[in-house]
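The values are calculated or read from the model by the stated rules, or taken from the named source; none is laboratory data. These numbers were taken from a predicted model, which means no experiment stands behind them. Here the Cβ positions follow ideal geometry from the backbone for every residue, glycine too, while neighbour counts run over all protein chains shown.
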């Protein structure tokens, strides 16, 4: 009987417990998954666990999605923060903690470029209204730091004439400071970033520092005869290879990923660059892409983050925004001057540019510096040209006997060739004697790249209407003079071609080449004009010298 009462009591107790759990007990507590950026097994920050339900992260979003910051006070938009020197004026916005404007003041030669952040207008004078989304120096996380993107609002902690300190903070998680300050030694901006783990969890992530540049739509692609002044590229300088990886428009559309350590990256155009330099902590790589077909985006992967609670990590970087002046960029000791693209002829272009800068230091005018440099190059090539012109004069003198040989042996090509070679030997000339002149072709292309790529000629004045030697002649005076000089030079050459088509080509080529100068920089047209003029003068000098030698020997000089 006693046992039956025990079994009955147990049964009634179990029934009572079942009814209570089914109808009255609260739902069981389910431990939420760890927040992004938190190691598995770590304890969630105090107060977060009871805000997240099953299948949700620590800030109440579905698990596996980027977290958003807790609600915080609104931050008012401010775009009145300015850092300025006698060389530039930089304006900042706290929307993304980015650069909103950058105006060059000195040297005055480059101030006409205007605001380097604001895009240049397209061929119709329009500016893409989306440009304010694509401002340089925004930060983006890989997805683990909640609430951090390019347009995240930052609080203005400090704004003086020397520094601008902006802060984005997610209470109980992290604090991010961005400090822009003046580097008076280099007359540029320094950028310092500090991330502090203010929570109780470990943070692992990676930040991207983003730089933008712009190329107006409809501007086409660069070519030798379409030397666009604002052709834009994404850039990343690989430390180990000592090479600047470039992403022009076609490549940027597909995306270029650089996974090697890089000490600087950014976006450049023909004469200007916006770059960030990080020598102490090189970037882990770069992603070079294109947004909306106009905006070049260089995402610079900063060193990886692994912060325990209370720890901080800092990055100190330099920025360079301005003209691609070799001497100025060399101050950074980061091979920033490799952003100047001399192409295949860099080995010749660099000493040519050095000569150009040297002569400008003497005369103070880039046009006269080009003239002096041309004279120097002609002087260096004088022995080669002298031999070639002397051979040409010899060929001119034997034109009459050559014509007779062609008539005499027109039915016997082998005999005619034999007699021709004998004639060449007797007069000490060679049908290939003009080949040494082709050595000037690499120099011409190297000079083209030098003048095309050297910002020193941007808005450089010569005289009169020549106020920009990097641009084509607005009145086509130099191209027309080049054409006339080339035709005159052709008249001085021996006309050895007998094929009518070949004669046509020999006359058409200088005319066509002169026509191309209508599109080339006027500085290059000036070089061509002076070079051809010196060549004609040298030909006349050789002809006069040879005529005197013939008179001395008692020979009758040939008629011109």
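Condition first: modelled with pLDDT of 75 or more and more than 15 Å from residue 399 (Cβ to Cβ). Now tell me which residues in the stretch 420-436 satisfy that.
421, 422, 425
Report, by residue number, each residue of the stretch 267-296 that is part of a strand (DSSP E or B), in contact (Cβ under 8 Å) with a residue 60 or more places away in the chain and touching a helix residue (DSSP H, G or I) at 6+ places or on another chain (Cβ under 8 Å).
The answer is 268, 272, 273, 275, 295, 296.
For the stretch 379-401, how many residues are within 40 Å of the chain's Cα centre (by Cα) and buried (at least 16 other Cβ atoms within 10 Å of the Cβ)? Before the answer, list the steps.
Narrowing the stretch 379-401 to residues within 40 Å of the chain's Cα centre (by Cα): 379-385.
If we keep only those that are buried (at least 16 other Cβ atoms within 10 Å of the Cβ) too, we end up with 381, 385.
Residues in the stretch 379-401 being within 40 Å of the chain's Cα centre (by Cα) and buried (at least 16 other Cβ atoms within 10 Å of the Cβ): 2 in total.
Before we move on, is residue 38 surrounded by 13 or more Cβ atoms within 10 Å (Cβ to Cβ), within 40 Å of the chain's Cα centre (by Cα) and either modelled with pLDDT of 50 or more or closer than 25 Å to residue 184 by Cβ (or both)?
Numbers: surrounded by 13 or more Cβ atoms within 10 Å (Cβ to Cβ): yes; within 40 Å of the chain's Cα centre (by Cα): yes; either modelled with pLDDT of 50 or more or closer than 25 Å to residue 184 by Cβ (or both): no.
For residue 38, the condition - surrounded by 13 or more Cβ atoms within 10 Å (Cβ to Cβ), within 40 Å of the chain's Cα centre (by Cα) and either modelled with pLDDT of 50 or more or closer than 25 Å to residue 184 by Cβ (or both) - is not met.
Taking the condition of being touching a residue at least 60 places away in the same chain (Cβ under 8 Å) and over 22 Å from residue 113 (Cα atoms), how many residues in the stretch 319-337 meet it?
Counting residues in the stretch 319-337 that are touching a residue at least 60 places away in the same chain (Cβ under 8 Å) and over 22 Å from residue 113 (Cα atoms) gives 4.
Grab the helices (runs of 4 or more DSSP H) fully contained in the stretch 450-560, keeping just those with 2 or more residues being at pLDDT 85 or above and over 32 Å from the mean Cα position of the chain (by Cα).
Details: elements: 477-492, 500-516, 522-552.
By residue number, 477-492, 522-552.
Test residue 376 against the criterion of being under 19 Å from residue 489 (Cβ atoms) and surrounded by 14 or more Cβ atoms within 10 Å (Cβ to Cβ), and give yes or no. Quick ask: steps written out before the conclusion?
Details: under 19 Å from residue 489 (Cβ atoms): no; surrounded by 14 or more Cβ atoms within 10 Å (Cβ to Cβ): yes.
For residue 376, the condition - under 19 Å from residue 489 (Cβ atoms) and surrounded by 14 or more Cβ atoms within 10 Å (Cβ to Cβ) - is not met.
Of everything in the stretch 118-131 that's closer than 29 Å to residue 325 by Cβ and without any contact (Cβ under 8 Å) to a residue 24 or more places away in the chain, which residue is surrounded by the most Cβ atoms within 10 Å (Cβ to Cβ)?
Of all residues in the stretch 118-131, those closer than 29 Å to residue 325 by Cβ come to 118-123, 127-128, 131.
With without any contact (Cβ under 8 Å) to a residue 24 or more places away in the chain added as a condition, the list becomes 118, 127.
On the way: 118: 16, 127: 13.
Per the criteria, the residue is 118.
Out of 289, 274, I need the residue that is closer than 18 Å to residue 141 by Cα and either assigned by TED's automatic domain parsing to the domain that holds residue 460 or buried (at least 18 other Cβ atoms within 10 Å of the Cβ) (or both). Which one? Talk me through it step by step, then tell me what you get.
On the way: 274 fails: closer than 18 Å to residue 141 by Cα.
Selected residue: 289, the only one of 289, 274 that is closer than 18 Å to residue 141 by Cα and either assigned by TED's automatic domain parsing to the domain that holds residue 460 or buried (at least 18 other Cβ atoms within 10 Å of the Cβ) (or both).
So, restricting to helices (runs of 4 or more DSSP H) that lie completely within the stretch 338-421, which ones have at least 2 residues that are over 17 Å from residue 527 (Cα atoms)? First the steps, then the outcome.
Values: elements: 346-363, 366-380, 382-397, 399-408.
It comes to 346-363, 382-397, 399-408.
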